[in-house]
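Engineer: Please see the structure below; I have some questions.
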Amino acid sequence: MTLLSLTFFIMVFLTTDPKLPLYVDLGRYDSSRVLFLLVPLMGVLLFFRTYRQYKHGIEGENQVAKTLSSSLNDDYCLINDVSLPDGKKGNIDHVVLGPTGIFAIETKNQKGKIECNGDVWNGVIGRNPSKQARENATRIYDAIASLEIFRLRKPWIQGVVVFANKNADLNIHNSIKVEVKRIDELANYILTKESRRLSSQEIESIGKEILQKHKQSSNIPS
């Protein structure tokens, strides 16, 4: 979209100079040509900014996936970019299953001063990170709660917000039902989390259910 907007801008611009072969004489409406220049120019700025944010986010997710893959042992299962057939937009960046529990991880790749007090965030771009992490945890809960292993007890999914950018200056006063970690703290937090232990059979069952739901979601026409 950025390239299309830029191409349109250049084509319109080339019609403004009488010396160029694409020049178009609009007579008394010539001033309206400025509007035709502004529209694609705004498109260039908007779509390029969106592309940069998306690309930056993907880079952060890749960093987290690489860190977890190299830091967690074979007792843990890492599933990245999870989509679920629950009708809600957006994928869950990472889901970790292991002996220490189930973790739904929301990755942010922003730098600068970032503050969190309860559910109020300053310095972040986009949606509220802690609300996203809680929503992701709820989505995983809904996806696996019907499993036989949870017939007598309900699963607990820990929502986590992780900042992949090492230049993020975090000041976390409080976070409601969500853990906020730097990328270099994440693996150790998961490995040492005190919660109900999961057996290898339970981990395998939960992992298969999430992957099955992910597959169902991927097959749904957009």
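Engineer: Report ³J(HN,Hα) in whole Hz for each residue of segment 193-202, in order, from the Karplus equation J = 6.51 cos²θ - 1.76 cosθ + 1.60 where θ = phi - 60°; Gly and Pro get x.
Structural biologist: 4, 8, 8, 5, 5, 10, 7, 4, 5, 5
Engineer: Run the helix sum for the chain: -39,500 (n - 2.57) per DSSP H stretch of 4+ residues, divided by residue count, reported at 222 nm to the nearest 500 deg cm²/dmol. Write down the numbers at each step before the final one.
Structural biologist: Numbers: 5 runs with 96 residues, N = 222.
Counting only the DSSP helices, I get -15000 deg cm²/dmol.
Engineer: Just to be sure I follow: if Rg is taken over the C-alpha atoms of the chain and Rh is the Kirkwood radius over the same atoms, what is Rg/Rh? Let's see the in-between values first.
Structural biologist: Numbers: Rg = 23.5 Å, Rh = 20.2 Å.
On the Cα set of the chain, Rg over Rh gives 1.16.
Engineer: Over segment 73-203, what lengths in whole Å, largest first, do the semi-axes of the equivalent ellipsoid take, defined as the square roots of 5 times the eigenvalues of the alpha-carbon gyration tensor? If you can, show how the numbers build up before the last one.
Structural biologist: Working: eigenvalues 132, 54, 34 Å².
Semi-axis lengths for segment 73-203 are 26, 16, 13 Å.
Engineer: Related question: In nm, give the distance between the simple-model label positions of Lys19 and Leu41, each being 7 Å from the Cα along the Cα-to-Cβ direction.
Structural biologist: It works out to 2.0 nm between the two label points.
Engineer: Let me ask something else about it. Could you go through segment 133-139 in sequence order and give the Karplus-derived ³J(HN,Hα) for each residue, using 6.51 cos²θ - 1.76 cosθ + 1.60 with θ = phi - 60°, rounded to whole Hz, and x for Gly and Pro?
Structural biologist: 5, 5, 5, 4, 4, 5, 5
Engineer: Further question on the same structure: Out of the DSSP beta bridges found with both residues in the chain, what percent are antiparallel (nearest 5)? Walk me through the intermediate numbers first.
Structural biologist: Details: 13 of 32 bridges.
Within the chain, antiparallel bridges account for around 40 percent of the total.
Engineer: Round to the nearest 10 and give me the degree value, 0 to 90, for the angle of helix 33-71's Cα axis relative to the longest principal axis of the chain.
Structural biologist: Helix 33-71 sits roughly 20 degrees off the main axis of the chain.
Engineer: Give me a comma-separated list of calculated 3J(HN,Hα) values for segment 99-112, in order, Karplus coefficients 6.51, -1.76, 1.60 applied at θ = phi - 60°, integers in Hz, x for any Gly or Pro.
Structural biologist: My calculation for segment 99-112 gives x, 8, x, 10, 10, 9, 10, 9, 9, 10, 10, 10, 10, x Hz in order.
Bear in mind that the values in this text are calculations on the coordinates, not laboratory data. These numbers come from a predicted model, not from an experiment. Positions of Cβ are generated from backbone atoms using ideal geometry, with glycine treated the same way; all protein chains shown enter the neighbour counts.
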